[in-house]
Every structure is written in structure tokens, then in C-alpha cells.
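S.K.: Have a look at this one.
The values are calculated or read from the model by the stated rules, or taken from the named source; none is laboratory data. Just so we're clear, the structure is a prediction, and the values are computed from it rather than from any experiment. Heads up, the Cβs are rebuilt from the backbone with ideal geometry, glycines too, and the neighbour counts pull from every protein chain shown.
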Ligand SMILES: Cc1cc2nc3c(=O)[nH]c(=O)nc-3n(C[C@H](O)[C@H](O)[C@H](O)COP(=O)(O)OP(=O)(O)OC[C@H]3O[C@@H](n4cnc5c(N)ncnc54)[C@H](O)[C@@H]3O)c2cc1C
């Protein structure tokens with residue numbers, strides 16, 4: 001391009017995914033412009049409510065976990081289960097405890113439990129976080145209308161709120177513009193996937209007094225005997241609720257809510273939001289300097305609460321890689337690994353959510369559910385037994401924490417077994433590609449709190465010089481934090497390299513070619529060996545014994 005570059009990264013779309021990418025990049029000091037048409041974040045259509053334990057780990061890394069929890073209107077301690085009932089004021093049939101990894105107490109598997117929090121609250125927290133980052137700019141009321149791709153930059157056309165257009169030249173364009181944005185077309189992402197057959201309805205309502213009727217401890221109430229049946233949860237602790245009904249697209253929302261409650265309470269409908277499930281996986285996530293992430297790249301039905309969380313995972317994965325390339329400590333091939341690592345995770349997520357698409361409330365409806373006596377008892381026993389099929393919707397740590405990048409071109413396989421795919425059960429493993437298993441340190445901090453912003457070299461104390469990797473990192477300009485850990489952290493292997501996203505990139509004994517290891521995990525690192533530079537920050541060893 002003839003004009004100079006205006007910004008390193010232009011992010012089309014300031015939904016949760018685009019804002020998360022801006023936070024990841026902005027924390028590394030990369031210049032980012034986020035372009036978002038919505039000026040205000042409105043509360044009446046909350047959409048995502050489930051923030052997974054994995055997403056909360058990223059919020060913790062960004063220093064935002066406590067901020068998000070404080071902003072969430074319903075604390076984790078208030079409600080942790082998914083309850084199945086006939087109606088809200090009716091009988092409880094069964095419950096899945098600690099659904100969506102909701103725990104009030106500390107767990108070993110993760111430093112942060114899940115959190116129920118409406119999507120607009122998440123977006124406000126992320127907007128505030130981007131505003132606080134000096135290298136990030138948020139252009140609200142502006143829209144991306146097109147882009148032209150060049151070898152060394154992307155020229156992006158923006159429209160301002162008055163309809164005036166101008167071009168901005170960026171080194172990279174991130175399409176976080178959701179299901180209907182224009183960037184997918186620029187990348188050539190393929191067809192629109194397919195849609196569920198029914199139109200569902202989200203309803204936000206007020207029903208003072210409802211809290212007295214419903215069992216405590218439920219984050220989600222599945223109501224089976226109403227027509228249409230659906231899910232209800234609290235938006236806050238002050239009488240505002242959300243409902244999602246299956247196939248209620250044209251129903252009268254007030255009647256629907258009364259039927260879900262099953263008691264005579266005053267109801268005020270605040271907003272409705274009809275929607276159809278969509279299943280879609282982009283054919284490709286990248287064209288040259290343009291990338292797709294979040295709903296722009298993949299869509300799944302909301303069952304299990306994965307949609308926005310998968311987008312945050314994309315943003316983190318692409319964010320640290322772009323920052324590393326732009327900062328010069330990784331080669332451009334690192335960017336090829338983004339699609340290789342994240343597209344299979346989206347495919348697994350779509351599969352898990354689509355399996356639950358065939359199990360909405362109506363499938364478990366039974367005319368005798370609310371009856372007293374043996375006929376009712378038999379119906380309730382039958383339905384409760386059938387509801388076991390819904391377990392994976394509420395317990396999916398195998399996917400949420402166990403998603404791994406074992407086949408990635410920037411992960412060095414050590415030949416150890418790859419944990420088998422298992423939606424429900426998370427099996428900690430420090431094999432290359434996996435998320436580093438978590439533990440608590442003696443001082444109460446999390447192992448993750450000690451990882452650096454570049455690569456972290458874990459060593460088990462046997463070789464503090466760490467197999468030549470420290471010297472090689474200094475020579476290559478790769479930021480490396482050295483961290484002594486108990487042998488169990490690395491499954492007993494003396495050394496492991498951990499990436500900024502907490503995934504293991506390599507592990508082994510002292511390598512014969514330490515620079516080769518670093519080059520491989522940093523995408524072939526085009527820069528030649530340089531003389532040692534004292535400026536490369538290498539953090540002091542932080543001990544993390546549990
Ligand atoms: C009913 C329902 C319930 C859901 N429940 C859950 C749940 O419990 N858990 C969960 O994880 N997910 C859930 N989801 C999915 C979740 O809402 C989405 O996955 C999430 O919003 C995706 O975030 P995103 O930032 O990728 O896309 P979006 O939130 O769609 O953001 C895209 C942004 O791009 C902007 N944009 C559009 N066009 C342009 C343009 N031309 N230029 C610039 N910007 C543009 C839009 O204004 C928007 O802000 C649910 C979805 C629905 C419909």
C-alpha cells in the first residue's frame with residue numbers, strides 16, 4: 001500500500017470476542033482500533049449468561065475476574081445447580097449440581113469457577129478494560145463496510161454515524177463482527193451452515209414475588225410441564241428474570257411466562273428476542289492478513305452455554321500470537337496455527353451443542369408429571385431417568401478445560417498419549433498441546449498467576465540453567481519467564497515450555513537444539529540468531545510449591 005499503516009490491528013466488532021481480542025493485544029502494547037456500530041450496550045436482550053471456568057481463567061489473567069464477579073448481578077454463592085421441575089411453582093424432578101462449573105468453594109482443577117452473568121454486563125466490563133488500555137481505541141457508532149487486501153496491509157473502509165466513509169490502513173484485520181458481519185465474505189468463509197427448525201423466544205420479565213416460589217440454589221430452572229416449556233433464570237436479585245422457551249416464537253409472551261410459573265403472580269414482560277439455532281463452521285478462518293473469530297467463524301445452538309466462551313478462546317489464541325509476531329519474537333507461521341488449533345475446538349463445540357438441540361424441554365414433557373399418586377410417580381421416575389441424557393449440557397469440563405492443540409504445527413509432540421476426547425470429564429495432562437494442569441501454591445496464589453506474558457519455562461529444580469533454553473531465548477529475543485514447579489505439574493518431565501495462553505508447547509529433558517525448540521514453538525521464528533541482548537526481560541524465578 002502507498003499510505004502508511006494507521007494501526008497495527010483493526011478489530012471489526014466490539015461484542016465479547018472483539019473486545020477480548022483488544023484486551024489481549026492491548027495488554028501487549030499493540031495498537032488496536034475496535035470498530036463497533038452499537039453505541040450503547042442494552043440490557044433487555046441478555047443472550048449469553050454462562051461464563052465458563054476457562055473464560056474466567058482468562059479474566060483472571062487480565063486482572064478482571066474480580067471485576068466481572070462484582071459486576072455480575074447474581075453471585076455464584078447464590079445459585080449453582082440446574083433444576084428440572086414441572087413448573088416454577090410446581091414439583092422439582094431432579095437437579096444437576098454445580099452445573100457449568102459453578103462452585104462457591106475453591107477447586108483444584110481451576111483457579112476460577114464459572115459465573116452466570118448476562119452478556120451485556122460482560123461487554124461493559126470489557127469495554128471499560130479496553131478504554132483503560134492506552135494502545136486501544138474504541139470507535140463506537142462506526143461500521144466496517146469493506147476491506148481491500150494487500151500484501152503488507154489491509155485497507156478497511158469505515159462508515160461513521162453521519163454516513164461519511166473513510167479508509168483506515170491496518171496491518172491485520174480481525175473479523176469479530178458476529179454472524180451477519182461483512183468480514184466473513186472477505187475471507188471467503190463458505191456457506192451459512194444450517195438452522196434449527198423452530199423459532200425460539202427469549203423473554204426478559206419482572207415478576208415480584210417469584211423468588212419466594214422457586215427452590216434456592218438453581219441457576220437454571222428447566223420447566224417441563226408448560227407449553228411451550230423452557231428455561232428460566234434470574235437476571236438479578238431484584239425481581240428481573242430471563243426465560244428461553246423452545247418453539248415459542250409466535251406465542252404471547254405474558255401467557256408463556258404465566259404458564260412457566262404456574263401460579264397467579266403479576267408479570268411484566270420487558271423485552272422479547274426471537275431466535276433460531278444455527279450450526280455453522282467457517283471453511284477457513286484466515287485469508288492473508290484477515291482473520292475470523294467468534295460468531296463470525298462458528299455458530300452453535302446455545303445449549304451448554306459455549307458460544308461466547310469459544311469466541312473468547314479464539315481471541316486469546318489469536319491475540320497472543322499476533323502480539324508476538326508484531327513484537328518480533330515469533331515468525332508469521334505462528335499465525336497459521338490459529339485455524340489449526342481453534343477450528344477443531346469449534347467443531348467439537350458445535351457437535352456437543354447440536355446433540356442437545358434434539359433434547360429441548362418438550363421432549364421430556366409428560367401429561368402425568370404433575371399428578372399425585374402412582375401414575376404421577378411413575379411418570380416422574382421415567383422422565384428423571386431420561387434426563388441423564390442432558391448431563392453433558394451442564395457438565396462439560398472435558399471440553400471446556402480439556403480442549404487441546406496436540407496436532408498443532410507449533411506444538412512439539414513428545415509421543416505421550418493424547419487424552420481421549422471426553423465432553424464431560426476433564427483429565428489433567430501436561431502433554432504438549434494441553435492446558436497446563438492447575439494447582440494452588442503454598443501462599444494461596446494460583447500456578448497461573450506466576451506465568452509470564454511471553455513463554456514460561458517450567459523446571460522441576462534439577463537444572464535451573466534449563467537446558468540452554470534461557471540462553472537461546474535471550475539470543476532469539478523471546479521473552480522467557482523461568483518458574484520452578486513441583487514435578488507433578490509437568491507429569492514428572494524436567495522441563496516444559498508454556499505459552500501465554502497457558503497451553504504447553506513443548507516438554508522434555510534438556511534439548512540438544514534449544515534454539516530449534518524455541519523456533520518451532522514460535523512459528524519458525526524468521527529472525528536469525530542475534531548476539532545476546534541484555535534488554536530481553538527474563539523474570540526472576542518464582543517458586544510455586546503447593
Ligand atoms: C438466545 C441466545 C442465548 C445464548 N446463550 C449463550 C450462553 O449461555 N453462553 C454463551 O457462551 N453463548 C450464548 N449465546 C451465544 C452468544 O450470544 C454469542 O456466541 C456471542 O454474542 C458471540 O460474541 P461475538 O463477539 O463473537 O459476536 P457478537 O456478540 O455477535 O458481536 C459481533 C459484534 O459485531 C458488530 N458488528 C456487526 N456488523 C459489523 C460491521 N459491519 N462493522 C463493525 N462491527 C459490526 C455487532 O454490532 C456486534 O457487537 C447465546 C445466543 C443466543 C442467540
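S.K.: Is it the case, given these coordinates, that residue 386 is more than 16 Å from the chain's Cα centre (by Cα), modelled with pLDDT under 95 and assigned to a helix (DSSP H, G or I)?
M.R.: Here the answer is no, as residue 386 does not meet what is asked.
S.K.: Can you find a residue in region 48-61 that is assigned to a loop (DSSP other than H, G, I, E, B) and over 21 Å from the mean Cα position of the chain (by Cα)?
M.R.: Scanning region 48-61 turns up no residue that is assigned to a loop (DSSP other than H, G, I, E, B) and over 21 Å from the mean Cα position of the chain (by Cα).
S.K.: Would it be correct to say that residue 168 is within 30 Å of residue 87 (Cβ to Cβ) and either touching a residue at least 60 places away in the same chain (Cβ under 8 Å) or under 28 Å from the mean Cα position of the chain (by Cα) (or both)?
M.R.: Against the criterion (within 30 Å of residue 87 (Cβ to Cβ) and either touching a residue at least 60 places away in the same chain (Cβ under 8 Å) or under 28 Å from the mean Cα position of the chain (by Cα) (or both)), residue 168 does not qualify.
S.K.: Go over the candidates 10, 68 one by one and state the one that is in a helix (DSSP H, G or I) and either within 15 Å of the ligand (Cβ to nearest atom) or in contact with a strand residue (DSSP E or B) (Cβ under 6 Å, 6 or more places away or on another chain) (or both).
M.R.: 68
S.K.: Here is a further query. Could you please tell me which pairs satisfy a Cβ distance under 8 Å, a separation of 6+ or placement on different chains, a first residue in region 207-223 that is without any contact (Cβ under 8 Å) to a residue 60 or more places away in the chain and at negative phi, and a second residue that is surrounded by 13 or more Cβ atoms within 10 Å (Cβ to Cβ) and in a strand (DSSP E or B)?
M.R.: 211/234
S.K.: More than 14 Å from the ligand (Cβ to nearest atom), under 20 Å from the mean Cα position of the chain (by Cα) and either buried (at least 24 other Cβ atoms within 10 Å of the Cβ) or touching a residue at least 24 places away in the same chain (Cβ under 8 Å) (or both) - does that describe any residue in region 13-26?
M.R.: Yes: region 13-26 contains one or more residues that are more than 14 Å from the ligand (Cβ to nearest atom), under 20 Å from the mean Cα position of the chain (by Cα) and either buried (at least 24 other Cβ atoms within 10 Å of the Cβ) or touching a residue at least 24 places away in the same chain (Cβ under 8 Å) (or both).
S.K.: So which pairs qualify, if the first residue must be in region 245-257 and free of Cβ contacts under 8 Å to residues at least 12 places away in the same chain, the second must be outside any loop (DSSP other than H, G, I, E, B), the Cβ gap must be under 7 Å, and the two must be at least 6 apart or on different chains?
M.R.: Short answer, once both residue conditions are applied: none.
S.K.: Inside region 307-340, can you point out the residues that are touching a helix residue (DSSP H, G or I) at 6+ places or on another chain (Cβ under 8 Å) and without any contact (Cβ under 8 Å) to a residue 60 or more places away in the chain?
M.R.: 310, 338
S.K.: A further question on this structure: Considering each residue of region 259-315, count those that are more than 10 Å from the ligand (Cβ to nearest atom) and assigned to a helix (DSSP H, G or I), and give that number.
M.R.: Within region 259-315, residues that are more than 10 Å from the ligand (Cβ to nearest atom) and assigned to a helix (DSSP H, G or I) number 4.
S.K.: Just a yes or no: is a residue in region 261-269 under 15 Å from residue 46 (Cβ atoms) and modelled with pLDDT of 95 or more?
M.R.: The answer is yes, given that some residue of region 261-269 is under 15 Å from residue 46 (Cβ atoms) and modelled with pLDDT of 95 or more.
S.K.: Separate question: Of all the residues that make up region 389-410, how many are in a loop (DSSP other than H, G, I, E, B) and out of contact with any strand residue (DSSP E or B) (no Cβ under 8 Å at 6 or more places or on another chain)?
M.R.: The number of residues fulfilling the criteria is 5.
S.K.: More than 29 Å from residue 304 (Cβ to Cβ), out of contact with any helix residue (DSSP H, G or I) (no Cβ under 8 Å at 6 or more places or on another chain) and surrounded by fewer than 20 Cβ atoms within 10 Å (Cβ to Cβ): does that describe residue 381?
M.R.: Answer is no for this residue.
Condition check ((1) part of a helix (DSSP H, G or I); (2) buried (at least 20 other Cβ atoms within 10 Å of the Cβ)) across all residues:
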residue	(1), (2)
82	no, yes
89	no, no
93	no, yes
104	no, no
107	no, no
110	no, yes
120	yes, no
127	yes, no
134	no, no
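S.K.: If I filter region 303-320 for residues that are modelled with pLDDT under 95 and more than 30 Å from residue 32 (Cα to Cα), do I get at least one hit?
M.R.: yes
S.K.: Follow-up question, since we're still on this one. Any chance region 48-61 includes a residue that's surrounded by fewer than 20 Cβ atoms within 10 Å (Cβ to Cβ), closer than 27 Å to residue 178 by Cα and either modelled with pLDDT under 95 or more than 16 Å from the ligand (Cβ to nearest atom) (or both)?
M.R.: Yes: region 48-61 contains one or more residues that are surrounded by fewer than 20 Cβ atoms within 10 Å (Cβ to Cβ), closer than 27 Å to residue 178 by Cα and either modelled with pLDDT under 95 or more than 16 Å from the ligand (Cβ to nearest atom) (or both).
S.K.: Find the residue count for region 29-45, including only residues that are more than 8 Å from the ligand (Cβ to nearest atom) and crowded, with 19+ Cβ neighbours inside 10 Å.
M.R.: 5
S.K.: Going by what's in this entry, would residue 117 be described as within 16 Å of the ligand (Cβ to nearest atom) and within 18 Å of residue 243 (Cβ to Cβ)?
M.R.: Here the answer is yes, as residue 117 does meet what is asked.
S.K.: Here's a follow-up. Here is a list of conditions, (1) in a helix (DSSP H, G or I); (2) more than 17 Å from residue 57 (Cβ to Cβ), and residue 320 meets all of them except one; can you say which number that is?
M.R.: Condition (2) is where residue 320 drops out.
So that you can scan it fast, the table gives a plain yes or no per residue for (1) surrounded by fewer than 22 Cβ atoms within 10 Å (Cβ to Cβ); (2) not in a loop (DSSP other than H, G, I, E, B):
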{"position": "412", "(1), (2)": "yes, no"}
{"position": "424", "(1), (2)": "yes, no"}
{"position": "432", "(1), (2)": "no, no"}
{"position": "444", "(1), (2)": "yes, no"}
{"position": "458", "(1), (2)": "no, yes"}
{"position": "469", "(1), (2)": "no, yes"}
{"position": "482", "(1), (2)": "yes, yes"}
{"position": "511", "(1), (2)": "yes, no"}
